[in-house]
Amino acid sequence: MPCSTRSFRSNSTLHYSPFVGTADGSINGDNFDLGGVVSRRQLGWIAVSTLVYFNVSGGPFGSEGIIPAAGPIVGLVALVVYPIIFALPVALVTAELTTAFPEDGGYTIWVNQSFGSFWGFQEGYWSWISGVVDNATYPAIAMAYWDQMLSDDTSTDDSDDSDDEDVTFHSWVIKAGIVTVLTLLNVAGLRCVDRVLVVITIGSIIPFIAFIILSSPHLDFSNCLKAKSPMSIKMLYKLLKLLFWNFNGFDGVSTFAGEVKDPRKSYTRGLGFALIFMSLTYLLPLLFATALNPTESPWEDWGIGDNGFPIIFKYVPGVGTWLAVWMFCGAMLAQFGQFMTELLIDSYQLHGMALQGMVPAVFAHRLPPKQWGSMTLFDTPCAAIFASWAIMMLIVTRNFEEILDVDNVLTCFSLLLELVAAVWLRFKMPDLERPYKVPVGKWGFLALCSLPFSMCALLVVITIYMDFQEEMKVVMWIAVLVAVGAIAPLIAPVAKRRGWWKYLDPENLVGHSPQASQPAEDRVASMLPAHLSDPPPFAAGGVLDALTQPLRSEPEPLESVMEESSSRA
């Protein structure tokens, strides 16, 4: 399903259409003429790697609880093993299927191709709602770091006071302000987010390098061999949910595949580099912090925001508080970076679902691109972005642990469905063109997918079991959200018939191809009218250069072009 910018021919230029998938911005017609198609692919492998890094990790912040969950030795070994048995298989599957279907929507397209529109909608809905729920945690973590830095006392009493304050109107205003400002940065455009994230990456990692160097003379690695005993289900539950939360999200970068140039190179390099880099950024700081183990902040008391890295860094001998302040700034930046990345992925997920006719066409609307100096702004799915913003404003003050459990279970549901779809495509569509293919046979691919599948299934079972021992809030939230997702596809046909909302129909797009795995240039050449068989150059300078590229033949009236395209349909 092509998903480049659709435009129509008038005078001597290609004109931008605010609805991707239509010729003129209309969503009322039965057939949508693609006319001249302009590439909007502008992200390379470095941008993909940065977005993967922030969608999955954003730095060691939030990983502090892994060590006290089951003890240092178990936590550190888990940080070595878990990326291999969970993150690596998911990254490989993502690289294979994203290069096979390089379009906005990502895993929704994979599941839709495998099991039809109902399950495609469930995949997109679960992923989108879990992403929005997850995004509500980052302002909370940022506020927790802020509270810790303002307090000289790291006792649990202060933590309780912080939790109480978390539900106040004052706290909501601050978090809502953070959410709104960062949302507007996403509206500004992909390149804006990409460049901001590069700066945030550098600013948040340098303090950890300084910590590793400055703490080296004071380390006792025997601290790393300690363990909690005996191991209990509660300890395993805490460890697994934190590992999953810190390593999940490699598949999310598939949702904006239509914006990535040379998907094979960009995704294989970007995913591989990000996996190695983030694994080290988790392991090394926690290894050195455990070996340091300051008496004022022992590993037994570590947590997310509560006795987190900024507090640990206060007690590096002979350093003073400047390193902790620097770390605090890095922690705040990292939370903002993760928020922007998650919002970007959620909005392009909803945008991709609109292109497939799963949700109303308003979510396919994109702001027209504008040039600001050397940077292209806008060209973003604004309605999809603000839909995510609205949900986050409602849940931003919810309890962190409650949000995390709901997020993890819904994400597991979507990932389980993705993995089943990936295996189904390997068995049922072996001839599907895959520019990158995991170098194993179909049974080896099944074994590869079974590793993250088992981890997801185990986490769902343990989370539900633990919630049954408590107040069952998580189970109730999950039941309601899953029920909404199951009912929504039944309402959509009624809404279409009665005209409540408009939907795009990808099957009626002129030039529609069921497999969107051709290079962008080849797809464009097949969609253009015969007299425009030589499309605008893609590598010359991106979407704005293409928009202003004169057509090579004498222009014809718009009506004749539309008639010719309709006859081809």
What number of residues in the range 438-472 are in a helix (DSSP H, G or I) and open to solvent by less than 70 Å² (accessible area, probe 1.4 Å)?
19
Hey, can you tell me all the residues within the range 301-358 that are open to solvent by less than 30 Å² (accessible area, probe 1.4 Å), of a type in the set (Val, Ile, Thr) and under 30 Å from THR255 (Cα atoms)?
THR341, ILE345
When residues of the range 67-110 are filtered for being under 22 Å from the mean Cα position of the chain (by Cα) and not in a loop (DSSP other than H, G, I, E, B), how many remain?
25
Filter the range 488-500 for residues that are surrounded by 10 or more Cβ atoms within 10 Å (Cβ to Cβ), over 16 Å from SER130 (Cβ atoms) and either among the small types (Gly, Ala, Ser) or modelled with pLDDT of 85 or more (or both) and give the result.
PRO489, ILE491, ALA492, PRO493, ALA495, TRP500
Would the range 147-170 turn up any residue that is outside any helix (DSSP H, G or I), of a type in the set (Gly, Ala, Ser) and either open to solvent by 20 Å² or more (accessible area, probe 1.4 Å) or at pLDDT below 90 (or both)?
yes
Looking at ALA361 and the list (1) modelled with pLDDT of 85 or more; (2) small (Gly, Ala, Ser); (3) open to solvent by 10 Å² or more (accessible area, probe 1.4 Å), which single condition is not satisfied?
(3)
Give the residues of the range 271-300 that are among the hydrophobic types (A, V, I, L, M, F, W, C), more than 14 Å from PHE208 (Cα to Cα) and buried (at least 20 other Cβ atoms within 10 Å of the Cβ), sorted by residue number.
LEU271, ALA274, LEU275, TRP299
For the range 108-119, which residues satisfy the criterion of being within 16 Å of MET429 (Cβ to Cβ) and buried (at least 24 other Cβ atoms within 10 Å of the Cβ)?
ILE109, TRP110, VAL111, ASN112
Under the condition of being without any contact (Cβ under 8 Å) to a residue 24 or more places away in the chain and open to solvent by less than 70 Å² (accessible area, probe 1.4 Å), which residue from the range 212-235 is farthest from TYR465 (Cα to Cα)?
SER222
Among (1) assigned to a helix (DSSP H, G or I); (2) touching a residue at least 24 places away in the same chain (Cβ under 8 Å), where does LEU280 come up short?
(2)
Boolean, LEU185 is at pLDDT 85 or above and either open to solvent by 60 Å² or more (accessible area, probe 1.4 Å) or assigned to a helix (DSSP H, G or I) (or both)
no
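Can you find even one residue in the range 248-258 that is surrounded by fewer than 18 Cβ atoms within 10 Å (Cβ to Cβ) and hydroxyl-bearing (Ser, Thr, Tyr)?
Within the range 248-258 (the criterion being surrounded by fewer than 18 Cβ atoms within 10 Å (Cβ to Cβ) and hydroxyl-bearing (Ser, Thr, Tyr)), the answer is no, since none of the residues qualifies.
Taking the range 231-272, which residues are at positive phi and among the small types (Gly, Ala, Ser)?
Passing the criteria: only GLY249.
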Tally time: how many residues in the range 364-386 are outside any helix (DSSP H, G or I) and open to solvent by less than 10 Å² (accessible area, probe 1.4 Å)?
4
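The values are calculated or read from the model by the stated rules, or taken from the named source; none is laboratory data. Keep in mind the model is a prediction, meaning the values are calculated, not measured. Every residue, glycine as well, gets a Cβ built from its backbone with ideal geometry; the counts of neighbours run over all protein chains shown. What goes into the accessible areas is simple: the full protein's heavy atoms, side chains included, and nothing from ligands, DNA or RNA. Shrake-Rupley method; radii C 1.70, N 1.55, O 1.52, S 1.80 Å.
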